Amino acid sequence: MTRPIFIDQQEISNEMWKKAMLWVSTNKKLIRQIASPYRFYMAAESSDLFQEATIAAFKALLASRKKEKPKQFVPFFRVIFKTNCIKLASGIQTEHCLEVHNLPGPARREEQEDFENTEAVEKALATVSKRQRQVCIWLLEQSEPASTPELAKEFNISRRHACRLVSSSIKRIAGVPL
């Protein structure tokens with residue numbers, strides 16, 4: 001009796017994931033070297049980088065197997081991984097500005113100034129999306145400046161997504177085209 005094809009494909013897929021993870025764990029220096037021109041601009045941690053490398057290695061294994069060119073694995077990996085790095089870096093620089101420092105919080109003001117600025121705050125919040133508005137209001141309500149990990153935990157999102165939300169909110173409020 002023969003086994004169904006999809007079980008064989010699943011076993012092959014699992015085997016390829018293991019090979020990809022093994023290759024990434026043994027070639028971390030190469031991965032850092034390929035990512036180094038983009039690393040400063042990526043909103044990613046080193047664990048994210050190695051996860052992207054594992055995905056790229058899996059895709060490269062698939063491509064080299066499909067094209068029946070096993071010796072072309074490394075060039076395929078370089079292209080796929082570099083493309084992923086460029087995609088990660090295509091956002092704004094969040095790793096070195098928002099991750100390291102605390103996010104700006106409200107400054108202590110007198111009640112009269114708060115009332116005058118309420119209209120300005122409402123006008124500024126009208127320019128952002130509903131989710132960005134929730135994040136901005138939460139940040140303004142904090143008595144102490146909040147960090148992106150705190151923001152991510154509060155809204156149950158990743159730190160990268162929290163950085164993107166804050167950065168795009170700031171750009172929209174400032175009137176900078178996205």
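The values are calculated or read from the model by the stated rules, or taken from the named source; none is laboratory data. On a predicted model such as this, the values are computed, not experimentally measured, just so you know. Methodologically, a virtual Cβ is constructed for each residue, glycine included, from the backbone with ideal geometry; neighbour enumeration extends over all protein chains shown.
Being within 24 Å of the chain's Cα centre (by Cα) and free of Cβ contacts under 8 Å to residues at least 40 places away in the same chain holds for only one residue in Leu88, Leu22, and it is Leu22.
Quick one: which helices (runs of 4 or more DSSP H) lie wholly within the range 110-178 and hold at least 3 residues that are buried (at least 17 other Cβ atoms within 10 Å of the Cβ) and at pLDDT 80 or above? Show your work before the answer.
Numbers: elements: 111-125, 130-141, 148-155, 159-174.
Output list reads 130-141, 148-155, 159-174.
Taken over the range 149-160, the criterion of being closer than 18 Å to Ser46 by Cβ and under 13 Å from the mean Cα position of the chain (by Cα) is satisfied by Ala152, Ser158, Arg159, Arg160. Going through the range 161-171 one residue at a time, which ones are closer than 14 Å to Ser90 by Cα and more than 9 Å from the chain's Cα centre (by Cα)? Hits for the range 161-171 are Ser167, Ser168.
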